[in-house]
Amino acid sequence: MSRPPPGSDGPRAGRVALGAGRGSRGEFEIRDLAVAYASDSGHTPVVGGVSVRVRPGLITGLAGESGSGKTTAALSAIAYLPAGARRLGGEALLDGQSILDLDRVALRRLWASKISYVAQDAGAALNPARRIGSQLEEILTVNRGLPRAAARLRTAELLEAVRLPDAARARRRYPHELSGGQLQRIAIAMALAPDPRLIIFDEPTTGLDVTTAAEVIAMLGGLIRERGLAAIYISHDLALLAAISDELVVFYAGEVVESGPTRELLRTPRHPYTRALLDALPSTRRALRPRGIPGLPPGRVVSDRCGFASRCSHADARCSREHPALVPLHPTRLVRCVRAGELGVLLSEAAPILEPVRARQGAPILEVDRLVCEYGQGAGRIVAVDDVSLVVREREVVGLVGESGSGKSTIGRAITGLLIPRSGTIRWRGQELPARGRRTPAQYREIQIIFQNPDSSLNPRHTVGHLIGRAVALFRDDVSGSAGADVIAEALREVQLDPTLMSRYPHQLSGGQKQRVAMARAFVARPRLVICDEIISGQDVSVQATILELVRTLQREHETTLLFISHDLAAVRSIAQYVYVLQGGRVQEHAPTEQLFEAPGAEYTRRLLAAVPEPEGSA
Ligand code: SF4
């Protein structure tokens with residue numbers, strides 16, 4: 001869901017000072033909520049028996065993979081049912097008032113005055129054709145009934161509360177003139193404008209740079225506590241929820257599988273799914289290999305057995321026979337697992353990285369020397385890469401890490417020839433690489449790239465078999481026509497996909513499966529260098545870990561060199577042997593991975609590392 005709850009039917013009288021009612025806000029309670037989607041077979045239950053208490057002044061995190069039911073549960077609990085969804089039972093109370101049976105008019109009034117929603121895509125909540133200030137003022141004049149002068153004053157207060165830099169100028173700007181972080185602060189200011197009792201944050205920092213996200217999170221936490229608001233924060237990222245939430249509710253297959261105080265729950269996880277989510281997290285503080293969670297969530301409530309059984313490393317016969325109840329371990333801690341008592345606190349199964357730190361070995365395979373890349377012309381010219389030099393050695397995994405605008409992806413594009421540098425040289429196996437179009441067939445084959453978004457890199461009109469088969473036809477002289485199907489099948493097996501998926505189209509696959517197809521297509525060419533450009537970005541944490549595992553295995557088995565481009569420092573630590581840190585198109589620091597993470601030399605690297613949240617229970 002990316003849309004906020006609709007606004008009210010009309011103006012509502014009242015003047016509310018910023019911070020008024022501090023400490024007097026009410027509680028939001030979801031009781032035994034059940035929701036289903038209409039389907040060919042009648043209905044598919046997607047939320048079952050969910051009860052959550054959200055206390056004022058605290059942030060309750062809802063965790064789980066995509067399809068776990070966390071967003072559907074939160075939106076259904078404010079009567080904002082996603083299209084095709086129907087409430088089967090349960091109730092929700094705000095300030096003691098039951099809200100799910102209100103008529104449409106009363107509901108719209110409630111949404112406009114007491115409940116706010118902040119989506120991942122802040123831009124979706126803003127009108128692109130109107131200035132920021134006038135949009136905020138409109139909420140205050142129309143929804144709150146404030147006179148124009150008071151609305152202007154309060155707009156300034158709100159922008160200050162969300163710590164928008166240079167707020168006076170920003171209010172005169174249009175949305176497209178602001179950065180993602182600034183837009184998200186404005187979306188939060190808009191959510192605060194009606195002085196609500198409850199705010200639902202739906203992955204609001206996804207897509208923001210790590211330092212910006214850290215600032216937004218710190219600001220949010222302060223505002224919620226200071227104003228005594230009840231807040232729900234939805235995210236698949238346990239590290240983020242560890243940093244921001246007070247209470248944590250872990251969802252799986254539409255049900256709550258574990259809940260409790262965040263700190264305690266993450267330090268002493270009792271449900272195998274919570275443990276698996278923690279083990280899937282890479283770490284900036286420890287040399288760890290994250291573990292993927294095999295398989296996919298069922299995407300519906302499973303009522304005749306444990307819905308996690310097919311993915312659980314602790315499953316026994318009972319787990320396939322009975323549906324576990326959510327039982328209290330003590331008054332604030334609930335767990336849904338038939339083996340919770342005997343398993344006790346679940347320890348990490350993530351493996352430490354034991355390889356010794358070695359000096360860089362192998363001959364340089366790629367040498368980038370004084371590279372400068374620009375976009376645009378004249379006054380609009382932007383220098384994206386500014387005098388960057390780097391070396392990648394054979395069979396090495398080199399990380400290129402930085403925030404947006406650091407130039408890391410531009411370097412990848414220049415190496416593949418998708419972009420012509422303004423100056424500098426790129427040498428491949430000792431020879432200068434010419435522009436694309438003048439490269440040899442061997443150079444095309446030897447350097448492959450996997451992009452961030454498989455939705456745009458995989459042609460939706462072709463089947464998986466065709467997409468990989470085309471790479472085989474282009475790059476594999478050693479494969480005769482009749483052997484092509486076997487090679488495609490083997491390429492799919494290598495990325496742990498069933499060869500029967502060959503006949504599917506990309507839209508028939510999950511996000512993680514699509515990225516694996518993109519990986520299979522790159523590795524089937526038998527390249528010497530694979531550039532992985534943000535390949536785990538936008539994926540669930542469990543899928544990210546699986547992709548990291550796979551790409552590492554492929555790199556080892558085929559003795560390929562990897563240039564791993566990412567904004568995710570923890571992921572880079574888990575896979576790279578050598579790391580370059582970029583900022584504003586320049587290299588700030590480069591060093592062997594352990595050295596860089598244990599004793600960063602550059603102030604910028606230290607700032608980046610300090611901004612990465614990490615739960616205590618992740619190792
Ligand atoms: S009930 Fe069984 S399968 Fe489910 S989480 Fe517990 S041990 Fe695993």
Could you tell me which residue of region 428-448 is most open to solvent (accessible area, probe 1.4 Å), considering only residues that are under 15 Å from Thr561 (Cα atoms) and not aromatic (Phe, Trp, Tyr)?
Arg429
Please find, among Ser542, Ser537, Ser566, the residue that is surrounded by fewer than 20 Cβ atoms within 10 Å (Cβ to Cβ), in contact (Cβ under 8 Å) with a residue 40 or more places away in the chain and under 22 Å from Ala280 (Cα atoms).
Ser537
How many residues does region 503-518 hold that are at pLDDT below 95 and open to solvent by less than 50 Å² (accessible area, probe 1.4 Å)?
9
Output the number of the condition that Thr155 fails; it satisfies all remaining conditions of (1) touching a His at 6+ places or on another chain (Cβ under 7 Å); (2) part of a helix (DSSP H, G or I).
(1)
Please enumerate the residues belonging to region 343-382 that are at pLDDT 95 or above and acidic (Asp, Glu).
Glu367, Asp369
Just to be sure I understand the filter: pairs with C-beta atoms under 8 Å, separated by 6 or more residues or on different chains, first member in region 452-465 and closer than 15 Å to Gly512 by Cβ, second member loosely packed, with under 14 Cβ neighbours inside 10 Å. Which pairs pass?
Val464/Ser503
Matching residues in region 343-355 - criterion: being under 29 Å from the mean Cα position of the chain (by Cα), open to solvent by less than 50 Å² (accessible area, probe 1.4 Å) and under 25 Å from Thr262 (Cβ atoms)
Leu346, Ser348, Ala350
Which condition does Ala168 not pass, out of (1) small (Gly, Ala, Ser); (2) under 19 Å from Ala125 (Cα atoms); (3) not assigned by TED's automatic domain parsing to the domain that holds Arg339, if it passes all the others?
(2)
Given the residues Leu241, Leu288, which is the only one that is more than 16 Å from the ligand (Cβ to nearest atom), open to solvent by 10 Å² or more (accessible area, probe 1.4 Å) and touching a helix residue (DSSP H, G or I) at 6+ places or on another chain (Cβ under 7 Å)?
Leu288
Would you point out which residue out of Arg318, Arg275, Arg270, Arg305 is near the ligand (Cβ under 10 Å from one of its atoms), among the basic types (Lys, Arg) and open to solvent by less than 20 Å² (accessible area, probe 1.4 Å)?
Arg275
Restricted to region 156-171 and to residues being touching a residue at least 12 places away in the same chain (Cβ under 8 Å) and farther than 23 Å from Arg225 by Cβ, the residue most open to solvent (accessible area, probe 1.4 Å) is Ala168
Test for Ile468: is it open to solvent by less than 30 Å² (accessible area, probe 1.4 Å) and outside the structural domain of Arg586 (by TED's automatic domain parsing):
yes
Looking only at region 323-342, filter to residues that are open to solvent by less than 80 Å² (accessible area, probe 1.4 Å) and free of Cβ contacts under 8 Å to residues at least 24 places away in the same chain; which one of those is nearest to the ligand (Cβ to nearest atom)?
Pro324
Go through (1) surrounded by fewer than 21 Cβ atoms within 10 Å (Cβ to Cβ); (2) free of Cβ contacts under 8 Å to residues at least 40 places away in the same chain one by one and return the number of the condition Gly145 breaks.
(2)
Is it fair to say Val495 is crowded, with 18+ Cβ neighbours inside 10 Å and either among the hydroxyl-bearing types (Ser, Thr, Tyr) or not assigned by TED's automatic domain parsing to the domain that holds Ala571 (or both)?
yes
Members of region 77-105 that are open to solvent by less than 30 Å² (accessible area, probe 1.4 Å) and either part of a loop (DSSP other than H, G, I, E, B) or under 22 Å from Met190 (Cα atoms) (or both):
Ala77, Ile78, Ala79, Tyr80, Pro82, Leu94, Ile99, Leu100
Can you tell me which of (1) at pLDDT below 95; (2) within 15 Å of the ligand (Cβ to nearest atom); (3) at positive phi is the one Gly254 doesn't meet?
(1)
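The values are calculated or read from the model by the stated rules, or taken from the named source; none is laboratory data. The structure presented is a predicted model; accordingly, all values stated were derived computationally and were not measured. Glycine gets a Cβ as well: all are built from the backbone with ideal geometry, and neighbour counts include every protein chain shown. The protein model used for the area step is the full one, side chains on, heavy atoms only, and it has no ligands, DNA or RNA in it. Shrake-Rupley method; radii C 1.70, N 1.55, O 1.52, S 1.80 Å.
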